[in-house]
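Novice: Got a structure for you, written out below as structure tokens; questions coming shortly.
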Amino acid sequence: VSGAGSILIYRRENNFWTFEQKIVAPDRKVNGNFGKTLFCIEDTIIIGDPLNATDQNDLNPLSDAGAVYLFTKNEEVWSFTQKVVPNIRNSGDKFGTSVDLKDNFMIIGGPGHDLDQDDANPLSDAG
């Protein structure tokens, strides 16, 4: 799929980097942005796709709403675990532009989100 995006994982062995696995979004789209941001810790990778249009069920398209994908490693294989989108999605939110993980919290940036902390009071591209 043209421009869908991917990430490549390499493992260091004896001072050499060896290809381990290629990861793509399970719902790849043309001109996606999968891999724009990522965060990896131990056996978890969080991958941002701020131009993703669909919800967690690959439905309800909204241009550039954004999404984040989680992959976990089990016995040397990275596998898709979950697609995360905000409860309230809007076109242009670009959810997944930045990602981080701290303890039991996943922190995800959406600089185009227009609503305040109560999901009210729209202000265009307020972030």
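The values are calculated or read from the model by the stated rules, or taken from the named source; none is laboratory data. Fair warning: this is a prediction, and the values are worked out from it, not measured in the lab. With ligands, DNA and RNA removed, areas are computed over all heavy atoms of the protein, side chains included. Shrake-Rupley method; radii C 1.70, N 1.55, O 1.52, S 1.80 Å.
Novice: If I stretch the segment between Ala120 and Ile88 completely, what's the gain in nm (0.36 nm per residue apart, minus their alpha carbon distance), one decimal?
Specialist: Stretched fully, the Ala120-Ile88 segment lengthens by 10.5 nm.
Novice: I'd like the Karplus ³J(HN,Hα) series for region 53-64: coefficients 6.51, -1.76, 1.60, θ = phi - 60°, whole numbers in Hz, and an x wherever there's a Gly or Pro.
Specialist: Whole-Hz 3J(HN,Hα) from phi for region 53-64: 9, 9, 7, 5, 9, 6, 10, 6, x, 9, 3, 6.
Novice: What whole-number value in Å² describes the accessible area per residue of region 32-114 for a 1.4 Å probe?
Specialist: That works out to 53 Å² for each residue.
Novice: List the pairs from Lys22/Lys102; Lys29/Lys83; Lys29/Lys73; Lys73/Lys94; Lys36/Lys102 whose alpha-carbon separation is above 18 Å, in the order I gave them.
Specialist: With Cα atoms farther than 18 Å apart: Lys22/Lys102; Lys29/Lys73; Lys73/Lys94; Lys36/Lys102.
Novice: While we're looking at this one, here's another question. Full-extension gain between Thr44 and Asn31, please, as 0.36 nm times their residue separation minus the C-alpha to C-alpha distance.
Specialist: In short, 2.2 nm is gained.
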